[in-house]
Every structure is written in structure tokens, then in C-alpha cells.
1. Give the relative contact order (percent, whole number) for region B:2-169; include only Cα pairs under 8 Å separated by 6+ residues.
2. Using alpha carbon centroids, what distance separates region A:521-589 and region A:349-402, in Å?
3. How large is ³J(HN,Hα) for each residue in region A:600-613, as worked out from phi by the Karplus curve 6.51 cos²θ - 1.76 cosθ + 1.60 (θ = phi - 60°), to whole Hz, x for Gly and Pro?
4. Other chains near A:543-552: what is the mean number of their Cβ atoms within 10 Å of each residue's Cβ?
5. Average partner chain C-beta neighbours within 10 Å, per residue of A:175-182?
6. Which ³J(HN,Hα) values in Hz, rounded to whole numbers, follow from the phi angles of region A:147-153 under the Karplus curve 6.51 cos²θ - 1.76 cosθ + 1.60, where θ = phi - 60° and Gly and Pro get x?
7. Before anything else, pin down the relative contact order of region A:351-485: Cα pairs under 8 Å, at least 6 apart, normalised by residue count, whole percent.
8. What are the ³J(HN,Hα) values, in whole Hz, obtained from phi via the Karplus relation 6.51 cos²θ - 1.76 cosθ + 1.60 with θ = phi - 60°, for each residue of region A:715-731 in sequence order, with x given for Gly and Pro?
Amino acid sequence: MTARRRLVLALAWLALLLLAGWLVGQRLDLSGDLRKFMPSAQTPAQKLLIDELGEGPGSRLLLVALSGDDAETLASQSAALRERLAAQSRFSTVANGGDDGLDAIAERLRPYRYLLSPTLDSQRLDAAFLADELAARVQDLGSPMASLVEPLLPSDPTLETLKLAESWQPSNAPQRLHGVWFDRAGREALLVLETRAAGFDPTGQQGAIDAIHSAFAAVRGDSPARLTLSGPGAFSVEIGSRTAREAGWIGTLDSLIFVLLLWLAYRSWKAPLLGALPLASGGLAGLGAVVLGFDGVHGITVAFGFTLIGVAQDYPIHLFSHQRAGLSPWASARALWPTLGTGVVATGIAYLTFLVSGVEGLEQLAVFTIVGLGTAALATRFVLPGLIDPSPRDAADSPRLARLWARLARWPRMGVTAFAALAMVAIAVAAWAPGPFWQNDLSKLTPVPVAALERDAQLRDELGAPDVRYVIAVEGRDAEAALRASEALQPALRKLQAADAISGYDLAARYLPSAATQRARQSRLPSTPELQVSLDSAVASSPFRGDAFAGFVDDVARAKAASPLRVSDLAGTPLAASVGGLLLERKGHATALVSLAGLADPDAVARVAAQHGAQLLDLKQASESLVSAYRGRLLWALALASLLLVATVWIALRSPHRVLRVLAPMALTTLLILAVLRGFGVELNLFHLVALILAAGLGLDYALFFDHAGDDRDEQLRTLHAIIVCSLTTLLVFSMLALSSIPVLRAIGGTVALGVAFNFVLALLFTRQPAASGSMRMEDADADA
Amino acid sequence: MRTGFVELRGSALLKAPLRIEGEYQRPRDGTLVREVRVPYAETTTIRAGEVQIARAGKSPRTFSLSRAPELGGLQASFGALLSGDRALLEQHYRIAVDGTRARWVMTLTPKQPGLAAQLRSVVLRGRGAELRCIDTQPIKGDLQRTLLAGAARAAAGVSDASALQALCHGNGNGVAAR
């Protein structure tokens with residue numbers, strides 16, 4: 001095959017990959033859903049977190065502040081923003097204080113006001129009470145409120161509608177200026193939005209945030225006003241794009257490094273192209289398999305998966321470095337196959353354990369890596385030989401490499417004693433270094449800037465927005481039971497508020513009392529004749545006309561006869577959103593949530609909740625316990641995987657001595673990485689763990705190839721060349737990641753870079769066999785030179 | 001700045017219009033206080049687009065000024081008239097002036113559609129530097145009349161509607177001409 005033909009074929013392969021990439025991209029449904037990634041929930045808090053909430057009622061809230069113009073302008077912008085956003089289905093609530101709540105009660109629900117309002121709990125609709133109320137209404141008519149209350153009065157002389165609307169306002173809402181919420185200083189107009197998309201849904205949150213920005217751009221006009229956005233969704237979008245930006249430029253730089261290194265190493269511009277094809281094929285095949293096999297690919301699967309199949313980058317390099325004139329590339333590939341294949345099969349079998357972990361995220365990862373590595377290896381074995389230059393410079397002929405090899409040959413070989421001693425030291429450091437071993441807080445991996453957190457805390461305080469971390473859950477057999485149980489909690493909550501343990505709370509029963517409470521209020525409503533008598537006597541002694549309140553008697557009669565209002569009756573009214581977010585119903589089970597604002601004393605709240613049969617859930621702790629459960633499964637899978645790996649290598653090499661020589665460096669490397677990370681006070685997380693697996697995979701390959709080289713000098717030189725190219729590319733690529741400002745990239749980068757360095761050195765010191773005849777010839781060559 | 005007022009508030013629900021006496025105060029720019037003294041005590045504070053009504057023994061009630069458009073007109077005209085700021089007034093209203101300096105009538109018609117949907121006009125009447133009467137005509141409901149300063153003083157003890165109208169319109173009954 002001519003060089004030209006080979007190039008055309010390589011380019012055709014590339015084109016095929018682009019096409020396949022486009023096809024996979026069409027069907028790729030990337031999800032950020034924590035539920036796909038985590039093991040199934042065990043504790044109530046985990047269940048609530050995973051099954052019902054996503055991340056808690058506060059996680060859907062976005063806090064908005066408008067500043068930078070005079071208060072009146074900001075107020076009209078706030079009103080315009082609310083009008084625009086409330087019309088969009090992305091948001092279940094858009095609140096800016098502009099709604100005084102009168103519209104929250106749909107017309108058809110108005111007669112229910114006597115069942116929803118607590119007035120009747122302490123009061124009867126008798127003549128004395130009505131006379132008092134009518135006197136107050138006269139004053140209302142003489143006050144600036146007149147035009148507000150006058151239309152309500154005929155059917156509602158006690159202004160129950162207004163009382164309800166007021167009681168449904170946030171319990172500690174910010175001050176209102178010019179009709180909308182403002183901060184205490186009166187400089188910033190404030191809004192709270194609730195997205196329909198879950199807090200963990202990055203696409204949904206991104207859409208909501210884009211909608212807010214574009215709406216603001218439209219209402220701002222040429223005003224110098226600024227918009228600040230805060231809340232979990234805003235943070236995750238901000239950090240997601242920052243991570244993507246940084247990963248993007250690091251990736252570009254890494255590709256450049258890769259191209260340059262391969263070009264230099266093989267003095268051919270085609271080497272980087274051919275070298276990239278198997279990995280790209282593997283990645284696409286892996287991704288395609290996951291897309292076909294699962295609904296929805298988790299973003300973390302893709303990130304972990306591409307990290308793990310990074311080891312396939314080395315496969316073509318081995319083929320390149322061993323190629324020389326006079327050797328058919330097919331024969332060379334066949335000769336390398338047992339070694340390459342052992343590495344791939346051993347790693348693949350190890351990843352099989354992820355399939356039985358019971359965690360979908362890990363199962364996806366297993367499918368991705370096994371298919372990816374397999375494809376890359378098969379492409380290297382059965383396609384790449386047809387495309388590479390059959391007679392490049394023999395790496396074994398390079399004098400510079402020969403000198404390096406000679407120097408390396410003089411390195412002392414590491415004995416078993418030294419090896420064991422080093423391992424003991426590493427274990428000791430890893431085990432006894434101070435500080436926690438694991439970092440479970442996933443948010444620490446993508447930290448929010450301190451300034452943004454402070455701003456969030458300030459806005460949260462101004463708005464009395466609910467706590468994102470804690471929520472009280474009250475369980476019940478059905479909605480009614482849960483509502484009743486949460487009602488019983490209310491006196492205790494008021495006490496907590498008075499004691500400053502919390503600054504506010506919200507619960508579904510505030511909008512929709514239990515049917516039992518509604519029935520109790522119903523029983524306290526007077527009969528129609530009774531009410532008529534009381535009303536007549538109250539009206540007679542007031543400035544009101546005798547027929548002013550005809551509608552009132554009818555409404556009370558309807559309220560007395562009505563069946564209590566249920567959740568389903570609220571459908572289509574603004575109350576449905578308020579209740580729906582705080583009352584979660586499932587078949588045979590319901591959970592009423594109490595959101596808490598300004599939580600100062602979680603312990604006191606937890607105690608009080610427990611006394612009333614409720615539970616203070618710590619959602620952060622729950623998500624951390626899930627992370628730790630995930631890690632537990634991963635560690636078990638890895639333990640099993642290492643046994644399978646040893647067995648596979650044993651079967652392939654059939655000699656205890658060789659097995660030890662191949663596996664010991666990667667085992668020691670793992671210990672050394674742990675010791676270094678722990679020694680520097682790094683708390684380990686899932687990303688370190690995945691990076692450790694990749695490092696081990698690389699180490700296995702280095703060792704297998706050094707073992708394969710045997711004691712033949714030229715083979716050792718070619719292997720050395722291959723492994724230097726492999727380790728140098730990997731080292732540079734991951735060192736770039738290690739320099740990132742984002743901890744998750746740093747965790748992967750640092751760990752793999754350390755792993756490459758340790759594996760390389762240990763493979764040289766421990767696995768490589770002394771070149772019996774070769775070293776003599778080498779010394780001759782050196783003398784000649 | 002403070003000035004006494006007498007206000008008549010009519011409603012279809014009431015047997016007779018309500019007569020209220022008290023005092024308007026402007027403790028500082030941008031704040032208007034309406035203090036009712038007779039027949040009951042009540043203090044309303046209007047500031048930054050918000051209205052707060054305080055009554056003895058009850059927690060104060062707050063609502064948005066946009067819910068009480070006639071009050072907005074009152075506040076704007078008060079402030080503008082007191083500071084002689086016609087430009088401020090013209091931001092919100094079309095202005096028509098009639099009469100002589102000794103007996104003038106200023107008619108304000110809201111410009112903004114929101115306000116215009118609730119408020120037909122505000123008619124101010126006065127003598128020289130004295131604003132004596134404000135007639136607020138909402139789109140729905142009865143005319144609301146407020147007598148101020150000399151007119152309010154003259155209205156002491158007067159409850160007949162036509163006599164009050166005469167006082168407002170400045171058809172002096174001798175007391176006003178004092």
C-alpha cells in the first residue's frame with residue numbers, strides 16, 4: 001500500500017469518526033441527575049433527597065437583586081421583569097412583593113375563606129364580634145384603604161379575604177417600596193423565582209438563567225441598572241461553565257502537546273493523526289454503547305469514562321515505537337498483541353465488577369470503559385497496522401536513546417526488601433497523616449467563590465429565603481395525615497421563632513389546613529338564621545345600610561355546607577404551587593415539608609422536630625452519605641477487580657515471579673500516590689479514586705511491556721522509547737490539569753501525573769530485567785562513540 | 001408643613017357620607033402623614049410608594065400606594081404645590097388652570113394609563129398661596145372631597161353637603177373670607 005493510500009484511508013477513518021460522533025451526539029441525552037449516579041437511597045433523608053426532592057425545596061429558588069438606579073425605576077423594572085417571567089412555564093413562582101395576595105384566592109375558592117382562615121379558631125361570628133368589625137370597616141372606608149376594601153365588603157365584612165392574603169405573604173418578607181420588595185437599605189429591588197427544573201438539572205437551570213437575563217435586558221432599556229443572580233442553580237451554572245471553559249483551554253493545550261510530542265518522537269506529522277484514531281474510536285464506541293444501553297448518560301460517567309480510557313492513548317505508541325524496516329506492521333502488531341491484550345483484558349475484566357455494583361452510574365462507566373478500551377485495542381491490532389509507515393527509523397538505532405538506556409541500566413535494581421520498606425512507609429503515611437481521609441462534599445470540588453457565597457447569604461437574609469440545607473419532614477399515610485401532623489408542629493415552630501432559633505418557616509398547612517381543622521372551623525360557623533340575627537343587630541347600630549352585606553350570609557352558608565378543600569381542589573390556582581412544593585404525595589405515602597429561614601440553631605430545631613414525630617433533615621449530610629455509599633460500592637468493586645486482575649495476569653504470564661514483577665510497581669505506585677496526597681493534607685474524593693484506577697491501568701501496561709521486552713537489548717530500547725513517549729505525553733497532559741484552578745480537574749491531573757512518574761520509575765527499577773548480553777554491547781557502543 | 005383637613009367620604013354601603021377631620025403633615029420631603037382626629041384616631045404614613053395605616057391597639061397595615069390612586073394624586077399634588085414644582089406634577093398629570101390668582105382652579109388628569117384607569121381627575125381649588133380644596137373623582141364610585149387650610153377651619157361644625165361644596169368652591173360665606 002502506498003503512503004498516499006494509507007493517508008487517504010486514515011482520513012476516511014477520521015471522517016467516519018466525525019460522522020459517528022455526530023450520530024452519537026444526536027442521541028446523547030446528557031443528564032446531571034444525581035439519581036442516575038448514586039446508589040439507591042437507604043435513610044429517610046436520602047430517600048427524600050433522591051426520590052422526591054432532587055436537592056431540597058430551596059434548591060429551585062433563584063434570588064434576584066436589581067441595583068444601580070433610583071428606587072422608583074428599579075421598582076418598575078422589577079414589576080416588568082415579574083410580568084415577563086411569570087408568563088413563562090419555566091418558573092412555578094415569580095415573586096417580587098408586587099402581588100398583595102388578593103389574587104391568590106381564586107374567585108371560586110372565596111367562600112372557603114372561613115375554613116382557611118384561623119379567625120374562627122378563637123372567635124365566633126356573633127353580634128359583638130360583627131359590631132366590632134363593622135366599626136373597623138367604617139374606619140377603613142374613611143382611610144386611604146377605601147378603594148381597596150370597598151369592593152370586598154358586601155360579602156366579606158370581616159375582611160377575611162384580606163387576612164388570608166396577608167397570612168400567605170412570606171412570614172418575614174422584605175420591606176416593600178413602590179409596590180415591590182426592597183432590601184433594608186432601599187437600594188436593591190428583590191425578587192425570588194422558583195424554577196420548575198430541579199436544582200441538579202444544569203440544562204434546566206441554564207435555561208431559566210438565560211430567560212432571566214434576556215428578560216432583564218429587555219426591561220432595562222438604557223437604565224444603568226444591574227442584575228445579580230444567586231442561588232444553587234445560578235452557582236451550578238456559573239461553575240459548570242467555568243469548569244467547561246478551563247477544561248476547554250487545557251484540552252486545547254493538551255492536544256497541541258500531544259501532537260507536538262508525537263511529531264517529534266516519530267519525526268512524522270502523520271503520527272499524531274494515527275495515534276489519536278484508536279482513542280477517538282474507543283471513546284465514541286464507549287459513548288455509543290452507553291447511549292444504546294441506558295436512557296440518559298450521566299455527565300459524570302462521560303467525564304470519568306474519558307479519563308479512564310485515556311490509557312488507550314498508549315496503544316498506538318507501542319506499535320509506532322516497535323516498528324522498523326523489514327518488519328511487517330501486521331507481524332509487529334501480532335507480536336505486541338499478547339502484551340497489549342493482557343493489559344486490556346485484565347482491565348476490562350476488572351471493570352466488569354462495576355456492572356454488579358448496583359449503581360447505574362458505575363454500570364454506565366463499566367460499559368463505557370470496557371467497550372472503549374476494547375475498541376481502541378482492536379483498532380490498534382487490526383486496523384492501524386495497515387495505515388502506519390512500514391519502515392520508519394528504528395527506535396533502537398537512536399544513539400541518544402542508547403545513551404539514556406545505558407545510564408538507566410546502571411541504576412541499581414530495587415530489591416524486594418527495599419520495595420517492601422518503601423511500601424510500609426507509604427502505608428504508614430497514608431494511614432496516619434492527620435486530617436480526614438475522604439472528602440464527601442461534592443460541592444467542595446467545584447467551589448463557589450467566597451464573595452458570591454456572602455452575597456447569597458445577604459440576599460437570603462434580606463428575602464427570608466428558606467435554608468438550602470435543612471428542612472423538616474413530617475410523614476403521613478396520606479396528605480391529610482401529613483397536613484395534620486405538620487399543623488401540630490406549628491405552635492412549636494412559633495416558639496422556635498420567638499427564641500430566634502429560626503427567623504421564619506413555611507409549610508403547606510399555612511395555605512391549606514387539614515380537613516379536620518377545616519371541619520372544626522365549619523362547626524363553629526353560625527347557622528343562617530343565627531347569623532342573620534347577629535348581623536342585623538350589628539348593622540343597625542352602625543353607619544352601614546341595612547342591606548349592605550347581603551352576600552355575606554350566603555357565603556357563610558356555602559362555607560358551612562361545603563366539603564373541606566383538598567389539594568386537588570387547588571389545581572389551576574396560584575395556591576397549587578405554594579402547596580405543591582411543600583406537600584409531596586406518593587401512592588400510600590405523603591410528606592409535608594417545613595422549610596426554614598434564618599436557621600441559627602439546627603440542634604434545637606432537630607430536638608423540637610423529633611419531639612413532635614417529625615425529623616430535621618440535613619440534605620447536605622444526606623448527599624454526603626450517598627457519596628460515601630457510592631464510594632463504598634466502588635471500593636468493593638475495586639477490591640474484587642484487583643483479585644480478578646491478578647488472576648487474569650497470572651493466567652497470561654503463568655509465572656509467579658513475572659506476575660509479581662508486573663503487578664508490584666502499580667500496587668506500590670498506588671500506595672505512594674496515596675502517601676503523597678495524604679502527606680500534603682489532600683482529602684481524597686471520587687475523582688482521586690478514578691484517577692488512581694487510571695494510574696494503575698497505565699502502570700500495568702508499562703510493566704507488561706517492560707516484562708514483554710525481556711532481556712533483548714533492541715527490544716528493551718524500543719520498549720523504553722514507547723514508554724518514554726507514553727509517559728511523557730500522559731505526564732504533560734495531566735500536569736496541565738493539575739495546574740487548573742478547579743479542584744476537580746486538579747484532583748484528576750495531580751493524581752495521574754504522580755502515578756505516571758512513579759509507575760515509570762518503578763517499572764524501570766523493578767520490572768525491567770537486566771539486559772544480560774545487551775549491557776556489554778552497550779558499553780562497547782558507548783566506548784566507540 | 002401642616003394643614004388641617006375636613007374630608008367627606010361617600011359610599012353606597014353607608015347611609016350617609018363619612019365626615020373626617022384631622023391634619024395633613026409633611027415632616028420631610030417624600031413623606032406625607034394623614035392624621036385623623038375626629039371621629040376616631042388613625043395615622044396614615046405615605047412614603048416611597050407605600051401606605052401604612054396605624055390604629056391604636058392594632059398592628060399597622062401596609063399596602064401599596066398603587067392600590068389607593070386618589071391618595072397618589074393627593075401626595076403628588078401636595079408635594080408639588082408645596083415646593084412649587086410644576087415639572088414634578090407634569091410628570092404624572094396633564095394640568096389645566098383656570099380662574100384668577102384670588103380664586104383659582106387647577107384640574108389634573110392622569111397621564112399614565114394605569115392611574116387613568118382608576119382616577120378620572122383631581123381638581124384643586126385655592127386662593128393665592130392657599131390650597132383650600134381637593135376633589136378627587138375616581139372612575140368607579142363617588143367623588144371624594146377634602147377641604148384644607150382655611151376651608152377646613154371654616155368647615156368646623158358644618159355638615160351640610162351643599163354648604164361644604166360652597167366652601168370648597170370658594171363661594172365665600174363670610175367665614176372663608178375672613
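Laboratory data are not the source of any read-out in this text; all were calculated from the coordinates shown. These numbers were taken from a predicted model, which means no experiment stands behind them. When we count neighbours, we look across all protein chains shown, and the Cβ atoms used for this are built from the backbone with ideal geometry, even at glycine.
1. Relative contact order of region B:2-169: 17 percent.
2. If you average the Cα positions of each part, the centres end up 73 Å apart.
3. Ordered by residue, 3J(HN,Hα) equals 9, 9, x, 5, 4, 5, 4, 4, 4, 4, 4, 4, 9, x Hz.
4. 3
5. Neighbouring Cβ atoms belonging to other protein chains average 4 per residue here.
6. Taking θ as phi minus 60°, the curve returns 5, 6, 8, 3, x, 7, 4 Hz for region A:147-153.
7. Averaging sequence separation for qualifying contacts and normalising by length gives 7 percent for region A:351-485.
8. Coupling constants for region A:715-731: 4, 4, 5, 5, 4, 4, 4, 4, 6, 5, 5, 4, 6, 5, 4, 4, 4 Hz.
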